[in-house]
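All remarks here apply to the structure that follows.
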Amino acid sequence: MNTSPRNLLACFSTIAWLAAAASPVSRAADAASVTAFTHARLIDGNGGPALENATLVIDASRILAVGPAATTPAPAGATVIDAHGQTIMPGLLTAHSHLGVSKGAAGPAPENYSRENVAAQLLQYESYGVLGVMSLGLNRDEAYTWRDEQKVGKFEGADMFLADRGIGVVSGAPPFPLKIDQVYRPTNADEARAAVTESAARHPDLLKIWVDDLFGSAPKMAPEIYQTAINTAHAAFDEAHKHNLRVAAHVFYLADAKALVKAGLDVIAHSVRDVPVDAEFIALLKEKAVPYIPTLTLDEAQFIYAEHPAFMDDPFFVQAVDPGLLASWLTPEYASKMAANPNTPKNKAASETGRKNVKTLHDAGVTIALGTDSGALPTRVQGWFEHRELQLLVAAGLKPMDAIVCATRNAAQVIGVGADRGTLEPGKRADFLVLAANPLDDIRNTTKLVAIYHTGKKIEPRVKADDAKVAAK
Ligand SMILES: [Zn+2]
């Protein structure tokens, strides 16, 4: 043990050293806590070519070094894990999901927002390799206590980020049975201003608003309300986050999405699903650097289970779903109910439009971030949905590497933690997945989890890859 972490760090750039030294997490005391993963294929989350025969060195919580084997030897005294044949990539992040809304087979209900349920959901995400979750609205105030507990290691599972309660519409979106302390429904600008001011005082990571008429069935938020909400949020400087409060919007229609971006919106939180996006929208998103979260999986889940696709027999899916609920999806009654639902054709059309739009926007250079709406309904399966979203992004025409960047670097930026997570670089958190097969060959290989590391701690995957073939290299 002749190589201390301090000596190791001296090899790195000053910036990386400062980032690591400034970490609130205590530094490793000796090389015994240093681990080197060697001979891996490494995807760092920045979108460049994968590094073959790479070494990743971590201490108890942070990344110390990443690089080719030739220039990044395993430090003396480090524990060495041979990852030959395996791929290492950053942990997945979802920039749009929900905690404590549904519970197993039970749909949205106020009583689901319990510590026990939220804790179980965060553990499920983590065991699927989803290491950070933006709970995009409908959060009760007690969640901030849990978020604080996580920062000192007292609340397990994926790291939670909160978009507070959110701003909805009376008798409109979000169309869930919610208690008064889970969503604001202001009726005028003064009430909107008061709601955002109250939210900002709790130091959320983002603020959610809903602008949708739910296929014409409900009143839509008036422009005066969202303009006031956005202005009030932007005027609220948050000392903890060192920036003004940002606003993400649920949208469906292109016209609303454009009006919101013109009003100063920071994040588009669903696909535009009524019509193809146009040049004006692309120019607006690029000019104002507004990221777009497609949530393709949400639209697919509105109809796909009735069609019994092959993934419904995959343990990776089965283990994530309530068994009774899954059984109900396989019945002829469920198929009949979905066929009779007048919204099913609309959902299929919306799904198709959403897929075309994300390809258009991605090709035009708009920042796409992964989010899924997992957890909002029991059909939106937490942990599995994030892997499915990667598959749908690739089906929409993105390259596997580009889809991975959406789920790592870009999602981290939307959540507001890009300086600390989302890519595998010295000084950042040791949040990564070890895969038995290469996701660049087939994006479904993100489900072939050998191990998950969350802030340096090894987590057992809920469903582990059959890596016997890899071990017999
Ligand atoms: Zn949502």
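Overview of values
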| quantity | calculated |
| --- | --- |
| Filter result for R380 (in contact (Cβ under 8 Å) with a residue 40 or more places away in the chain and either under 15 Å from F303 (Cβ atoms) or surrounded by fewer than 21 Cβ atoms within 10 Å (Cβ to Cβ) (or both)) | yes |
| Among residues of segment 265-285, those that are within 14 Å of the ligand (Cβ to nearest atom), of a type outside the set (V, I, T) and touching a strand residue (DSSP E or B) at 6+ places or on another chain (Cβ under 6 Å), counted | 2 |
| Identity of the residue in segment 363-375, part of a loop (DSSP other than H, G, I, E, B) and touching a Ser or Thr at 6+ places or on another chain (Cβ under 7 Å), that ends up farthest from the ligand (Cβ to nearest atom) | L370 |
| Unmet requirement for G354, which otherwise passes all of (1) touching a Gly at 6+ places or on another chain (Cβ under 6 Å); (2) surrounded by 19 or more Cβ atoms within 10 Å (Cβ to Cβ) | (1) |
| Segment 177-212, subset aliphatic (A, V, I, L, M) and under 16 Å from H243 (Cα atoms), residue most open to solvent (accessible area, probe 1.4 Å) | A201 |
| Qualifying residues in segment 128-152 (those that are open to solvent by 10 Å² or more (accessible area, probe 1.4 Å) and closer than 28 Å to I404 by Cβ) - the one nearest to the ligand (Cβ to nearest atom) | R147 |
| Some residue of segment 435-448 being crowded, with 18+ Cβ neighbours inside 10 Å, of a type in the set (S, T, Y) and either more than 18 Å from the chain's Cα centre (by Cα) or assigned by TED's automatic domain parsing to the domain that holds D212 (or both) | no |
| Residue in segment 199-229 that is farthest from the ligand (Cβ to nearest atom), counting only those that are farther than 12 Å from R185 by Cα, without any contact (Cβ under 8 Å) to a residue 24 or more places away in the chain and over 26 Å from the mean Cα position of the chain (by Cα) | G216 |
| Which listed residue, of K288, K262, is open to solvent by 40 Å² or more (accessible area, probe 1.4 Å), more than 24 Å from the chain's Cα centre (by Cα), free of Cβ contacts under 8 Å to residues at least 60 places away in the same chain and more than 16 Å from the ligand (Cβ to nearest atom) | K262 |
| P174 being open to solvent by 10 Å² or more (accessible area, probe 1.4 Å) and not aliphatic (A, V, I, L, M) | no |
| Residue check, T79 open to solvent by 30 Å² or more (accessible area, probe 1.4 Å), away from the ligand (no atom under 16 Å from the Cβ) and modelled with pLDDT of 95 or more | yes |
| Which listed residue is in the same structural domain as Q124 (by TED's automatic domain parsing) and away from the ligand (no atom under 16 Å from the Cβ), from D322, D299, D256 | D322 |
| Single residue of segment 316-355 satisfying the filter (over 21 Å from the mean Cα position of the chain (by Cα) and among the charged types (D, E, K, R)) that is nearest to P294 (Cα to Cα) | E352 |
| Selection from segment 385-407 of residues that are part of a helix (DSSP H, G or I), open to solvent by 10 Å² or more (accessible area, probe 1.4 Å) and either charged (D, E, K, R) or in contact with a Phe, Trp or Tyr (Cβ under 8 Å, 6 or more places away or on another chain) (or both) | R388, D402 |
| Residues that are under 15 Å from S271 (Cβ atoms) and over 11 Å from the mean Cα position of the chain (by Cα), drawn from segment 389-402 | L392, L393, A395, A396, G397, L398 |
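Table: residues versus (1) without any contact (Cβ under 8 Å) to a residue 40 or more places away in the chain; (2) in contact with a helix residue (DSSP H, G or I) (Cβ under 6 Å, 6 or more places away or on another chain); (3) outside the structural domain of N445 (by TED's automatic domain parsing).
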{"site": "P68", "(1), (2), (3)": "yes, no, no"}
{"site": "T71", "(1), (2), (3)": "yes, no, no"}
{"site": "A74", "(1), (2), (3)": "yes, no, no"}
{"site": "T79", "(1), (2), (3)": "no, no, no"}
{"site": "H84", "(1), (2), (3)": "no, no, no"}
{"site": "H96", "(1), (2), (3)": "no, no, yes"}
{"site": "A106", "(1), (2), (3)": "no, no, yes"}
{"site": "Y113", "(1), (2), (3)": "no, no, yes"}
{"site": "E116", "(1), (2), (3)": "yes, no, yes"}
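This table checks each residue for (1) over 29 Å from A419 (Cβ atoms); (2) assigned to a loop (DSSP other than H, G, I, E, B); (3) within 16 Å of the ligand (Cβ to nearest atom).
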{"position": "V57", "(1), (2), (3)": "no, no, no"}
{"position": "P75", "(1), (2), (3)": "no, yes, no"}
{"position": "H84", "(1), (2), (3)": "yes, yes, no"}
{"position": "M89", "(1), (2), (3)": "no, no, no"}
{"position": "L99", "(1), (2), (3)": "no, yes, yes"}
{"position": "P108", "(1), (2), (3)": "yes, yes, yes"}
{"position": "V118", "(1), (2), (3)": "no, no, yes"}
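Matching residues to (1) modelled with pLDDT of 95 or more; (2) outside any helix (DSSP H, G or I):
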residue: F161; (1), (2): yes, yes
residue: T187; (1), (2): yes, yes
residue: E191; (1), (2): yes, no
residue: I209; (1), (2): yes, yes
residue: F215; (1), (2): no, yes
residue: K220; (1), (2): yes, yes
residue: E224; (1), (2): yes, no
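The values are calculated or read from the model by the stated rules, or taken from the named source; none is laboratory data. Predicted, not measured: the structure shown is a model, and the values here were computed from it. Quick reminder, even Gly has a Cβ in these numbers, built from the backbone with ideal geometry, and neighbours come from all protein chains shown. Note: accessible area is taken over every heavy atom of the protein model, side chains too, but ligands, DNA and RNA are not part of it. Shrake-Rupley method; radii C 1.70, N 1.55, O 1.52, S 1.80 Å.
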